[in-house]
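Visitor: Structure below; questions to follow.
The values are calculated or read from the model by the stated rules, or taken from the named source; none is laboratory data. The structure presented is a predicted model; accordingly, all values stated were derived computationally and were not measured. Quick reminder, even Gly has a Cβ in these numbers, built from the backbone with ideal geometry, and neighbours come from all protein chains shown. Side chains included, ligands, DNA and RNA excluded: accessible areas come from the protein's heavy atoms. Shrake-Rupley method; radii C 1.70, N 1.55, O 1.52, S 1.80 Å.
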Amino acid sequence: MTMKLFRGARIYTPLATGNRVMSWEKGAILARNGFIEKVGPEEEVLRDLEPAMVEQEVNFGGRCVVPGFVDPHTHMCFSELREQEFALRLSGVSYMEILASGGGILSSVRSLRAASDEKILERTKKNALTALSHGTTTVEIKSGYGLDTASETRMLRLIERAGREIPTTVIPTFMGAHAIPSEFSGDPEGYVDLLVREMIPAVSAECDPPFCDVFCEEGVFTVPQSRRILEAARKHGMKLKIHADEVVDTGGAALAAELGAVSAEHLLAARGENLAKMASEGVIAVLLPATAFSLRKPYADARKMLELGLTVALATDCNPGSSFTQSMPFVFSLAVMNMGMTVEEALAGCTLNAAKAIESDHFCGSLEKNKMADFVVLDGETPAIMAYNSGVSPVLSVYKRGECAAQRLDDWRFCR
Ligand code: NIG
Ligand code: FE
């Protein structure tokens with residue numbers, strides 16, 4: 001039996017029941033074979049514990065410990081960055097104008113199709129490891145830069161392979177409906193036919209991804225097209241997600257409620273009445289403040305969503321276009337500083353609610369018995385340090401299944 005004891009921790013964690021964040025000033029975690037055996041005040045965890053049973057003991061010296069972050073919405077599997085496009089956006093050209101003129105997502109499609117497996121894998125792992133060093137121990141990664149059957153299947157295989165080659169838990173999502181590929185420009189219905197008749201059956205037979213996501217947006221997929229795609233995906237056993245009302249309110253949030261989607265993402269422009277429909281159907285709102293930041297758009301109305309009783313999760317949206325960040329602490333700080341979320345709400349958004357948005361809350365998202373011993377040690381006393389110490393990573397070390405997976409060393413050399 002391999003028990004590990006982590007003590008001297010100021011633990012902050014949401015709990016599966018009760019909708020609150022629990023904290024222990026002097027807390028401890030006992031892990032057995034990578035899973036949490038006991039967590040709580042140090043004296044309780046230590047009670048009846050045979051020292052001989054503990055193979056390793058780590059004292060965190062009063063530092064804050066939170067659950068490993070769960071990033072439930074990313075597009076971090078790609079080949080090339082789009083820095084030139086970022087410069088164009090800074091000069092005033094809009095994200096959707098760039099996509100409409102054949103750039104944006106379509107430029108990532110061209111580079112991915114031309115890239116070797118090794119190149120794509122290297123970029124994906126680099127993104128996920130950067131995320132890990134910022135505390136992300138579970139990440140969702142979408143396909144959607146292939147946009148033909150062979151390339152989408154290849155992406156999903158590479159996403160799974162990345163997950164096998166790094167410590168992070170990786171959850172893949174099929175997003176063949178990310179844009180209309182140039183072969184189908186002027187014939188969006190032709191592409192929807194391909195998705196429904198060929199791509200969804202093939203991808204589900206070969207890769208069996210748990211989720212399907214659609215970019216339901218003006219100039220991309222309409223509400224009826226999104227409905228058709230998602231209904232086909234559901235028939236093939238996938239759970240549903242929708243990029244809804246990111247730029248224009250097209251009613252994507254209402255579609256998410258109608259179809260009983262697991263989550264609706266973005267929601268910057270969503271109407272109140274449609275958010276209420278989401279609340280009554282239990283659809284999770286996944287908010288992506290780093291995207292609003294990068295697109296210089298008003299943030300989603302998190303307070304209204306919370307008042308409506310929605311479960312609010314947070315994610316990076318990490319992608320080469322609208323939001324290139326791997327950092328959940330950055331997302332946390334935007335949520336607290338610019339969306340009026342409390343520290344407790346933002347912490348739950350980055351952990352337990354994020355895990356719910358990818359149906360992974362049975363094994364991650366909070367520090368509770370029988371969940372994976374995934375946690376982050378912060379260079380502060382409370383989770384607020386992530387917003388307080390702006391622009392600086394607060395992460396000292398990251399534990400995945402009870403093992404130290406990433407640790408910051410004092411590797412700066414100051415040259416006088
Ligand atoms: O969530 N909106 C669509 N997809 C991504 C952007 C992907 C890209 O620009 O490459 C998003 O913002
Ligand atoms: Fe996205």
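Visitor: State which entries of Lys356/Lys400; Lys239/Lys297; Lys277/Lys356; Lys38/Lys400 exceed 24 angstrom in Cα-Cα distance in the structure shown.
Guide: Values: Lys356/Lys400 19 Å; Lys239/Lys297 29 Å; Lys277/Lys356 19 Å; Lys38/Lys400 16 Å.
The pairs that break the limit, which is 24 Å between Cα atoms, are Lys239/Lys297.
Visitor: Let me know the shape class of the range 238-380, please: from the alpha-carbon gyration tensor, a ≥ b ≥ c as square roots of the eigenvalues, rounded when a/c is under 1.5, otherwise prolate if a/b is greater than b/c, or oblate.
Guide: oblate
Visitor: Turning to a different aspect of this structure: For the range 89-205, what is the charge dipole size about the Cα centre, in debye to the nearest 20, if Lys and Arg each add +1 at the Cβ and Asp and Glu each add -1 at the Cβ?
Guide: Using Cβ point charges on Lys, Arg, Asp and Glu, the range 89-205 gives about 520 debye.
Visitor: Over the chain, what relative contact order in percent results from Cα pairs under 8 Å that are six or more residues apart? Present the calculation step by step, with values, prior to reporting the outcome.
Guide: Working: 974 pairs, mean separation 81.1, N = 416.
Relative contact order here is 20 percent.
Visitor: Which FRET efficiency value, to the nearest 0.05, is calculated for Arg161 and Arg416 with the Förster distance at 56 angstrom and r the Cβ-Cβ distance?
Guide: According to the calculation, E is roughly 0.75.
Visitor: Here's another thing I want to ask about it. What is the gain in length, in nm to one decimal, between Arg303 and Ala150 on full extension, counting 0.36 nm per residue of separation less the C-alpha to C-alpha distance?
Guide: Taking 0.36 nm per residue and subtracting the Cα distance, the gain is 50.9 nm.
Visitor: Sorted by average packing, counted as other Cβ atoms within 10 angstrom per residue and highest first, what order do 230-240, 15-25, 244-254 take?
Guide: Going from most to least packed, we get 244-254, 230-240, 15-25.
Visitor: Roughly how many Å² is the accessible area per residue of the range 69-357, as a whole number, for a 1.4 Å probe?
Guide: Averaged over the residues of the range 69-357, the accessible area is 34 Å².
Visitor: Could you check the simple spin-label distance between Ala100 and Thr2, using points 7 Å along Cα→Cβ, in nm with one decimal?
Guide: 5.6 nm
Visitor: Then there's this: Counting only helical runs of four or more DSSP H residues, what would the 222 nm mean residue ellipticity of the chain come to if each run contributes -39,500 (n - 2.57) and the total is spread over all its residues?
Guide: Using -39500 (n - 2.57) per qualifying helix, the result is -10000 deg cm²/dmol.
Visitor: Which part of the range 56-75 falls in the paramagnetic zone of Glu359, meaning amide N under 17 Å from the point 7 Å along Cα-to-beta-carbon?
Guide: Backbone N within reach: 72-73.
Visitor: Now for a separate question. I'd like the carbon and sulfur percentage of the solvent accessible area for the chain, probe radius 1.4 Å, heavy atoms only, ligands and nucleic acids excluded.
Guide: C and S fraction of accessible area: 50 percent.
Visitor: Of all DSSP beta bridges in the chain, what percent run antiparallel (nearest 5)?
Guide: Details: 28 of 64 bridges.
The antiparallel fraction comes to roughly 45 percent.
Visitor: Using only the alpha-carbon atoms, how far is helix 149-165 inclined from the longest principal axis of the chain? Give it as 0 to 90 degrees, nearest 10.
Guide: So the inclination is approximately 10 degrees.
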